[in-house]
Structures are given as structure tokens and as C-alpha cells.
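Read the structure below first, then the notes.
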Amino acid sequence: MRYSSGAVEALIEEFAKLPGIGRKTAQRLTMHVLHERRSEVEKLASALIDVKEKVIRCSVCQNITDLGVDPCHICTSAGRDRSVICVVESPTEVLAFEKTGHYKGLYHVLHGVISPLDGVGPDDIKVRELIARIGVDSTGGVREVVLALNPTVEGETTSLYISKLLKPLGINVTRIARGIPVGAELEFIDEATLSRAMEGRSAI
């Protein structure tokens, strides 16, 4: 059923485009916005615009950061172990590992995985930046790269590709343990499982 208000219907359609949001949820969100005070709606609108205008990728690890904070706070933290880089698919996985409080190394975000069926090759994700980063740090150095990609066919393909590039550089390449179910998304794994997976990482 369509609403008599074109503005309401348009907002429902926009909410319904979001991942995991069906039409019923989009309707509830729209009704919530409709009944909120204008000042609260303006805060929401401002936050949406800010995400597009003020968020950039860290020039070192490719994680998201704010304009004026580049490199990001993780890359510049004096308390991080700079000899270990954990490679993940998206910024969501960085948040997942940080929530565990266990991992104290650095990160590298690929922003995707190799997927020939979807037309995504190595040049479409941040592999080149990872290799260049390790080349710069080779004297000071990075001793271990932990591949923490989702256990899917695409994730495995990407892990193998990266490991072949890194091994000639003398880097110890490991991956998180198999305590995570095949086909699962890292962002939905609980902290204890992620911690055990990181502790049980093994060589490729």
C-alpha cells in the first residue's frame, strides 16, 4: 500500500534501499522521523551529510577516518605493535577486532575481496597499497601479516593471492584459526570467538 503523501512514500523507498531494511521496517523508521522534533531530524540529516563530506580513508591502513586525522588514530598510536598487520575486508571487521580488546597490532583494510564472477580483481581492492606499505616498513619492520578475511571462496582466493605476494618479502604470513564457521561474516561473530581465532592463527 502506498501512502497519500509523496514525501512519506519517498522516504520509505529510500530507507528500504538500506541493507537489511524491508518495507515494513522502512515504514516504521519513516513514521518515527515524521513524529520526531525538527531539531532531531536535522541532527540526523546533518550526520548523513557529514559521513559523505568528512569521512576519508587513512592513507596508511585504508581504514575510515575523519578529514584532518590522517593517518588514523590506530596507525599513530604509540601503544600498537607495529610488527604485525591484520588484513581485513572492511572497516566493520576492524571494529569487531577492536571490540575484543585482544589484538594490539595494526590493520590494513582491503575494501573488498577478489571475486572474478563479480568482476573484482586484485587491482580493484587495496592489495597494492598493502605491498607498498610493507616494502616501506621492510627495514623497520613488519614481521607478520595476519590474514583475517571471511571464510568464503572469495576470501580464500584473496588470502592465497596475498600470501604468494608476501612470502618472497620474507614476511611471516598467518591466518586466523578456523574457529569461525564457514560462510559466516566476521562482523557478527562474538568477541570470545574472535579472540580465540586470533590466538590460534596458523601459517599458510
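Only the coordinates and a few stated rules stand behind these numbers; no lab work does. All of these numbers come straight from a predicted model, not from anything done at the bench. Quick reminder, even Gly has a Cβ in these numbers, built from the backbone with ideal geometry, and neighbours come from all protein chains shown.
Assign one of three labels to the stretch 72-175, namely rounded, prolate or oblate, based on the Cα gyration tensor with a ≥ b ≥ c the square roots of its eigenvalues; rounded applies when a/c is under 1.5, prolate when it is not and a/b is larger than b/c, and oblate otherwise.
Working: a/c = 1.84, a/b = 1.28, b/c = 1.44.
Verdict is oblate for the stretch 72-175.
By how many nm would the segment from Arg38 to Ser202 lengthen if fully extended, with 0.36 nm per residue of separation less the alpha-carbon distance? Please report the intermediate quantities before stating the final value.
Working: separation 164, 0.36 × 164 = 59.04 nm, distance 5.34 nm.
So the chain would gain 53.7 nm between Arg38 and Ser202.
How big is the antiparallel share of DSSP beta bridges in the stretch 72-175, given as a percent to the nearest 5?
Numbers: 1 of 14 bridges.
Close to 5 percent.
Report the calculated FRET efficiency for His102 and Ala45 (r = Cβ-Cβ distance, R0 = 30 Å), to the nearest 0.05. Intermediate results must be reported in sequence, preceding the final value.
Working: r = 38 Å, r/R0 = 1.25.
The pair His102/Ala45 has a calculated efficiency of 0.20.
Specify whether the C-alpha gyration tensor of the stretch 7-56 places it in the rounded, prolate or oblate class, a ≥ b ≥ c being the square roots of the eigenvalues: rounded for a/c under 1.5, otherwise prolate if a/b is larger than b/c and oblate if not.
On the way: a/c = 2.53, a/b = 1.29, b/c = 1.96.
Oblate.
Which pairs in the list Lys43/Lys104; Lys99/Lys126; Lys17/Lys52; Lys54/Lys99; Lys52/Lys164; Lys54/Lys167 are over 26 Å apart, alpha-carbon to alpha-carbon? Don't skip to the answer; put the middle values down first.
Values: Lys43/Lys104 34 Å; Lys99/Lys126 24 Å; Lys17/Lys52 17 Å; Lys54/Lys99 24 Å; Lys52/Lys164 36 Å; Lys54/Lys167 37 Å.
Pairs exceeding the cut-off: Lys43/Lys104; Lys52/Lys164; Lys54/Lys167.
What's the FRET efficiency of Leu117 with Ser4 using the Cβ-Cβ distance as r and R₀ = 41 Å, to the nearest 0.05? All intermediate terms of the calculation are to be shown ahead of the outcome.
Values: r = 43 Å, r/R0 = 1.06.
Efficiency, rounded to the nearest 0.05: 0.40.
Tell me which trypsin sites (Lys or Arg not before Pro) from the stretch 1-98 have a DSSP coil assignment and no more than 13 other beta carbons within 10 Å of their own.
Details: sites: Arg2, Lys17, Arg23, Lys24, Arg28, Arg37, Arg38, Lys43, Lys52, Lys54, Arg57, Arg80, Arg82; in loops: Arg2, Lys17, Arg37, Arg80.
Answer in residue order: Arg2, Lys17, Arg37.
Let me have the relative contact order for the chain, percent, based on Cα pairs under 8 Å that are six or more residues apart.
On the way: 263 pairs, mean separation 31.3, N = 204.
15 percent.
Which loop-located GluC sites (Glu not before Pro) does the stretch 1-73 contain, where loop means any DSSP state but H, G, I, E or B and the Cβ has at most 16 other Cβ atoms within 10 Å?
On the way: sites: Glu9, Glu13, Glu14, Glu36, Glu40, Glu42, Glu53; in loops: Glu36.
Taking the stretch 1-73 and a limit of 16 other Cβ atoms within 10 Å, the loop GluC sites (Glu not before Pro) found are Glu36.
Between the DSSP loop rule and a limit of at most 15 other Cβ atoms within 10 Å, which trypsin sites (Lys or Arg not before Pro) in the stretch 141-204 are left?
Details: sites: Arg143, Lys164, Arg175, Arg178, Arg196, Arg201; in loops: Arg143, Arg178, Arg201.
Here the sparse-neighbourhood loop sites are Arg143, Arg178.
For a test of the definition: using alpha carbon positions, the gyration tensor, and the 1.5 limit on a/c, classify the chain as rounded, prolate or oblate. Don't skip to the answer; put the middle values down first.
Numbers: a/c = 2.26, a/b = 1.88, b/c = 1.20.
It is prolate, given that a/c is not under 1.5 and a/b is the larger ratio.
Compute the FRET efficiency between Lys164 and Leu67 as 1/(1 + (r/R0)^6), taking r as their Cβ-Cβ distance and R0 = 30 Å, and round to the nearest 0.05.
Once the sixth-power term is evaluated, E becomes 0.25.
Take every DSSP beta bridge with both residues inside the chain and express the antiparallel ones as a percent of the total, to the nearest 5.
Numbers: 6 of 19 bridges.
Around 30 percent of the beta bridges assigned by DSSP in the chain are antiparallel ones.
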